[in-house]
1. So which residues in the stretch B:42-65 are open to solvent by 60 Å² or more (accessible area, probe 1.4 Å) and either β-branched (V, I, T) or closer than 14 Å to B:L19 by Cα (or both), if there are any at all?
2. So, in the stretch B:93-114, exactly how many residues are facing another protein chain (nearest Cβ under 8 Å) and buried (at least 21 other Cβ atoms within 10 Å of the Cβ)?
3. For A:N26, state whether it is more than 24 Å from B:W35 (Cα to Cα) and either open to solvent by 60 Å² or more (accessible area, probe 1.4 Å) or touching a residue at least 60 places away in the same chain (Cβ under 8 Å) (or both).
4. Examine the stretch A:51-73 for a residue that is surrounded by fewer than 20 Cβ atoms within 10 Å (Cβ to Cβ) and in contact with a Gly (Cβ under 7 Å, 6 or more places away or on another chain), and state whether such a residue exists.
5. Need the failing condition index for A:N84 against (1) closer than 28 Å to B:H10 by Cβ; (2) within 14 Å of chain B (Cβ to nearest Cβ); (3) open to solvent by 30 Å² or more (accessible area, probe 1.4 Å), just the number.
6. In the stretch B:1-38, which residue that is within 12 Å of B:G107 (Cα to Cα) and hydroxyl-bearing (S, T, Y) is farthest from the other protein chains (Cβ to nearest Cβ)?
7. Kindly list the number of the only condition in (1) more than 13 Å from the chain's Cα centre (by Cα); (2) in a strand (DSSP E or B) that fails for A:F90.
Amino acid sequence: EAQVTQNPRYLITVTGKKLTVTCSQNMNHEYMSWYRQDPGLGLRQIYYSMNVEVTDKGDVPEGYKVSRKEKRNFPLILESPSPNQTSLYFCASSSGEQGGYTFGSGTRLTVV
Amino acid sequence: AQSVSQHNHHVILSEAASLELGCNYSYGGTVNLFWYVQYPGQHLQLLLKYFSGDPLVKGIKGFEAEFIKSKFSFNLRKPSVQWSDTAEYFCAVKDSGGYQKVTFGTGTKLQVIP
């Protein structure tokens, strides 16, 4: 089944403790992206990647890092999480210019 | 920079009523347009998309949208809503070039009352 898999689904952590949210897609998509969803703000792009080793900042990249060492994986790294990063995070991938995004199931992160 | 406006934040309809959700975008170039739906507790799913050709686009579950270039609009419509359409709907715009930046609107919550 074609899908984008994120882990974990839920995470509660403390301020400053480094964490990684994994994202993997099995559709051989070139394009991958991370979004955060907050009430009243919709989805805001954090980082995106157009291919292996090609990443760039989205609209709200501060406090986040990403890497794209393999085509299928696009982990999101929070080096020192803060409470304002409490949010619902979605990973998405796309086959290219004519494709819409396929989204993962989301990761609900709470930073206390 | 591209932007998307969804003017209706919360819409309440009775079953069988007709639906129209507004979406306006701002961008100087050629765009691709999308509508996504997010059912409670779930991830976003693609409802329909416009890339070129016929400006009236039909999607899944009886939804359709019309691209009106002169008005920079891409409104979502459904003739008769069902309780199962209760969800949040997001309009999105993408630069039609190779750059994959997709900008989402803030969403419209639709509540359908049986």
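1. Correct list: B:I60, B:K61.
2. Final tally of qualifying residues: 6.
3. Working: more than 24 Å from B:W35 (Cα to Cα): no; either open to solvent by 60 Å² or more (accessible area, probe 1.4 Å) or touching a residue at least 60 places away in the same chain (Cβ under 8 Å) (or both): yes.
When the stated conditions are applied, A:N26 does not pass them.
4. Taking every residue of the stretch A:51-73 in turn, none turns out to be surrounded by fewer than 20 Cβ atoms within 10 Å (Cβ to Cβ) and in contact with a Gly (Cβ under 7 Å, 6 or more places away or on another chain).
5. (2)
6. B:S5
7. Against the list (1) more than 13 Å from the chain's Cα centre (by Cα); (2) in a strand (DSSP E or B), A:F90 comes up short only on (1).
Residue-wise test of (1) assigned to a strand (DSSP E or B); (2) among the aliphatic types (A, V, I, L, M); (3) away from every other protein chain (no Cβ under 12 Å).
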site	(1), (2), (3)
B:Q42	no, no, no
B:L48	yes, yes, no
B:S70	no, no, yes
B:F74	yes, no, yes
B:S80	no, no, yes
B:F90	yes, no, no
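The values are calculated or read from the model by the stated rules, or taken from the named source; none is laboratory data. In this text the structure is predicted, and so the values were computed from the model without any measurement. Heads up, the Cβs are rebuilt from the backbone with ideal geometry, glycines too, and the neighbour counts pull from every protein chain shown. The accessibility values were calculated without ligands, DNA or RNA, using every heavy atom of the protein model including side chains. Shrake-Rupley method; radii C 1.70, N 1.55, O 1.52, S 1.80 Å.
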